[in-house]
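Before any comments, here is the structure.
The values are calculated or read from the model by the stated rules, or taken from the named source; none is laboratory data. No experiment lies behind these values; they were computed from the predicted model shown. Glycine also receives a Cβ, built like all others from the backbone with ideal geometry; neighbour counts cover every protein chain displayed.
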Amino acid sequence: MGFDAMSDIKAVILCAGEGTRLRPLTFSRPKHLLPVAGKPLVGRALDTIKEAGIQRVGLVVGHHPEEVQRYVGGGAAWEIEAEYITQQHPLGLAHAVNCARDFVGDSPFIVFLGDNLLEVGIKAFVEDFTRRQPDAALLLREVDDPRRYGVAELDSDGAVKRLVEKPAQPRSNLAIVGVYAFHASIFEAIAGIQPSQRGEYEITDAIQWLIDQGRRVSSVILEGFWEDAGEPVALLRANRLYLDRLEPEYSGSLDTPSQVLGALHLGQGSRIHHSHITGPCFIGENCVVENATIGPYVSLGDGCQVTNSAIEDAVIQAGSRIRNLPGGLKRSVLGEQVVVAGDGRGNSPLSLILGDMAQIRLM
C-alpha cells in the first residue's frame with residue numbers, strides 16, 4: 001500500500017449533482033459552474049487540487065456534463081490532466097466514488113466535493129495522508145452546530161472511531177468537510193454497504209465499514225474558512241470571503257468623475273462612467289457601468305451592463321443587464337443574460353434569485 005510522492009496520488013472531483021437547492025440557477029447548468037468572485041466553483045476546486053501538487057484529475061459528471069467539459073477541457077489551464085467519468089444516476093457519494101474505480105486503479109486518491117471552498121487548501125492534508133498511509137483520511141472542521149453535519153468522533157490518537165450523520169446529541173463538534181483520501185480498500189467497503197433510508201450509497205457508511213473492519217482512518221483538522229456553496233445564501237457568503245482576498249487589478253477604463261474605494265478587479269474592455277465603486281468588487285471583461293453605485297461585495301460576469309442603478313452583495317453572471325434601479329439590488333444572485341429593469345423611481349431594494357434569461361420589469 002506504500003507510496004512515496006504526491007505525484008502518485010490522483011484526485012476525483014465530484015460534480016455530478018443537480019444542485020436542487022440552487023434552483024432556478026441550476027436548471028440550465030451544473031451548480032459547479034456558478035461563479036464565486038469571478039471564477040466557477042469547479043475552477044476553484046481545481047486550483048486547490050493543483051496547489052496540492054496533484055496532476056491527474058477525474059471529474060465525475062452527470063448534470064449537464066458537456067458544460068463542465070467545455071470549461072475544464074483537458075485541464076491545460078491548471079497544468080493537470082483531466083478525465084471525465086459519468087455517473088448516470090445520482091445514487092450517493094459512495095456510488096460516485098465507485099464510478100471512478102477504473103480511473104483510480106491501484107493509486108491512492110483524494111475525493112473532493114466540487115462545491116467545497118477552502119481557504120488554506122489541502123496540501124497539508126495530502127502530506128499527512130502520504131506520511132501516515134491509513135486506509136482512509138478525513139478533513140474535519142470545528143463547527144458551532146454539528147447537528148447540521150456528518151460528525152466524526154476521534155480517539156485519543158486522533159484516529160476516527162465513529163461517524164454519525166446529523167446527530168441529535170453530538171459527541172463531537174468536528175464536521176466532515178467533504179474532502180477524503182482513500183486507498184483501494186474503499187471499493188471493498190462500498191461493495192459491503194447497503195443503500196441508506198434515502199436510497200443512496202453513503203460515503204460515511206463505507207468509511208464506517210472500514211473502521212468496523214479494524215482499518216485505520218486518520219483525520220486532519222482544517223484551519224481557515226470552509227464554505228459549501230450549495231444554496232444561494234452560501235454562494236453569496238463564499239463570494240464575500242473570496243472578494244475579501246481580492247488583489248486590485250485595472251485592465252479596463254475608469255473616467256475622472258468615477259470614484260473607487262477599496263479593492264477592485266476591473267477586467268479588460270470594461271468601462272466605468274460617472275459611477276461610485278466600493279470594494280471589494282469583481283467586474284469582468286467588456287462590462288459597462290454608468291451612473292451607478294456598485295458594492296461592496298459585487299461580482300459582475302463578462303459583458304454585464306449596469307446603468308442608473310445600485311447593487312450591493314450580489315453575484316451577477318455574464319451578459320446580464322441592470323437598468324434604472326436606483327433603489328438597488330441587494331443579496332441577489334442572477335443567472336446569465338438576465339434583465340432587471342426598474343422604473344427609475346427609487347423603489348425599495350430588491351433581493352432576487354433569477355435563472356438564466358429571466359426578465360423582471362418594474363412598471
Checking L174, L139 in turn, the sole residue that is surrounded by 22 or more Cβ atoms within 10 Å (Cβ to Cβ), touching a helix residue (DSSP H, G or I) at 6+ places or on another chain (Cβ under 6 Å), at pLDDT 85 or above and closer than 24 Å to R237 by Cα turns out to be L139
When region 267-303 is checked residue by residue, the ones that are surrounded by fewer than 24 Cβ atoms within 10 Å (Cβ to Cβ), among the polar types (S, T, N, Q) and under 14 Å from G38 (Cβ atoms) are Q268, S270, N286
Taking region 196-234 and keeping only residues that are of a type in the set (D, E, K, R) and in a strand (DSSP E or B), one is left with E227, D228
Selection from region 325-352 of residues surrounded by 18 or more Cβ atoms within 10 Å (Cβ to Cβ) and at positive phi yields G328
Exactly one of E223, E231, E202 is assigned by TED's automatic domain parsing to the domain that holds E142, in contact with a Lys or Arg (Cβ under 6 Å, 6 or more places away or on another chain) and of a type outside the set (A, V, I, L, M), and that one is E231
Taking region 1-16 and keeping residues modelled with pLDDT under 75 and in a loop (DSSP other than H, G, I, E, B) leaves M1, G2, F3, D4, A5
Of the candidates A175, A136, the one satisfying the condition of being in contact with a Pro (Cβ under 7 Å, 6 or more places away or on another chain) and on the phi < 0 side of the Ramachandran plot is A175
Within region 21-46, of all residues that are of a type in the set (K, R) and part of a loop (DSSP other than H, G, I, E, B), the one farthest from A96 (Cα to Cα) is R23
Note: among D302, D313, just one is at pLDDT 95 or above, of a type in the set (D, E, K, R) and in contact with a Lys or Arg (Cβ under 8 Å, 6 or more places away or on another chain), namely D313
For region 74-104, the count of residues that are under 12 Å from C15 (Cα atoms) and in contact with a His (Cβ under 9 Å, 6 or more places away or on another chain) equals 2
Reported set for region 235-266 where residues are surrounded by 17 or more Cβ atoms within 10 Å (Cβ to Cβ), under 22 Å from the mean Cα position of the chain (by Cα) and assigned to a loop (DSSP other than H, G, I, E, B) is L246
Across region 47-65, the tally of residues that are outside any strand (DSSP E or B) and at pLDDT 90 or above stands at 9
Exactly one of V315, V289, V306 is part of a strand (DSSP E or B) and closer than 21 Å to F27 by Cβ, and that residue is V315
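Here's the yes/no breakdown for (1) in a loop (DSSP other than H, G, I, E, B); (2) more than 16 Å from L210 (Cβ to Cβ); (3) assigned by TED's automatic domain parsing to the domain that holds V217:
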position	(1), (2), (3)
P134	yes, no, yes
A137	no, no, yes
D144	yes, yes, yes
E153	no, no, yes
K161	no, no, yes
A168	yes, yes, yes
R171	yes, yes, yes
Q194	yes, no, yes
- Please verify whether region 110-118 includes one or more residues that are assigned to a loop (DSSP other than H, G, I, E, B), buried (at least 23 other Cβ atoms within 10 Å of the Cβ) and in the same structural domain as H89 (by TED's automatic domain parsing). yes
